[in-house]
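Quick notes on the structure that follows.
The values are calculated or read from the model by the stated rules, or taken from the named source; none is laboratory data. Given the structure is predicted, the values throughout are model-derived calculations rather than measurements. No Cβ is skipped: glycine too gets one built from the backbone with ideal geometry, and neighbour counts run over all protein chains shown. With ligands, DNA and RNA removed, areas are computed over all heavy atoms of the protein, side chains included. Shrake-Rupley method; radii C 1.70, N 1.55, O 1.52, S 1.80 Å.
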Amino acid sequence: MGALCYTISIMKNNNTLYIPTLGRSLDLRSIVIDGVDITDAFDFCDAFVSEALWTDGFRLGNDELEIIMDNSDVQQIVMEKAYNFCGF
């Protein structure tokens, strides 16, 4: 089965998460993850944020997407949503 894409609808402080390294807040409702492959279940090492918006509505660039993936809260959100998407 190929990779799947899933839009996250979330929680955390009014659906925002402050990213200190960038000095901006991420709109968690806008996060789209990609790279979710059910055959990679329980690891989901290829899952990542492919799209997201800042709370001011601006889209994150590729460099910013890479930086937010270093944030442990974002990693946890990606993993939780990958598990949920695959029915675990």
Exercise for review: Among the residues of the range 76-88, write down those that are at pLDDT 85 or above and either open to solvent by 80 Å² or more (accessible area, probe 1.4 Å) or under 13 Å from residue 27 (Cα atoms) (or both).
Suggested key: 76, 77
Exercise for review: Return the pairs, sorted by first residue and then second, in which the second residue is aliphatic (A, V, I, L, M) and surrounded by fewer than 14 Cβ atoms within 10 Å (Cβ to Cβ), the first residue lies in the range 67-88 and is within 14 Å of residue 50 (Cα to Cα) and free of Cβ contacts under 8 Å to residues at least 12 places away in the same chain, the beta carbons are less than 7 Å apart, and the residues are 6+ apart or on different chains.
Suggested key: 75/69
Exercise for review: Would you check if there is a residue in the range 14-27 being at pLDDT below 90 and out of contact with any Cys (no Cβ under 9 Å at 6 or more places or on another chain)?
Suggested key: yes
Revision key, fill the gap. Those residues of the range 15-58 that are under 21 Å from residue 84 (Cα atoms), of a type in the set (Phe, Trp, Tyr), open to solvent by 30 Å² or more (accessible area, probe 1.4 Å) and assigned to a loop (DSSP other than H, G, I, E, B) come to a total of 1
Review point. What number of residues in the range 59-75 are within 11 Å of the chain's Cα centre (by Cα), of a type in the set (A, V, I, L, M) and assigned to a loop (DSSP other than H, G, I, E, B)?
Key: 1
Study note, to complete from the structure: Cβ pairs under 9 Å, 6+ apart or interchain, first in the range 27-44 and aromatic (Phe, Trp, Tyr), second part of a strand (DSSP E or B), ordered by first then second residue, are 44/35; 44/36
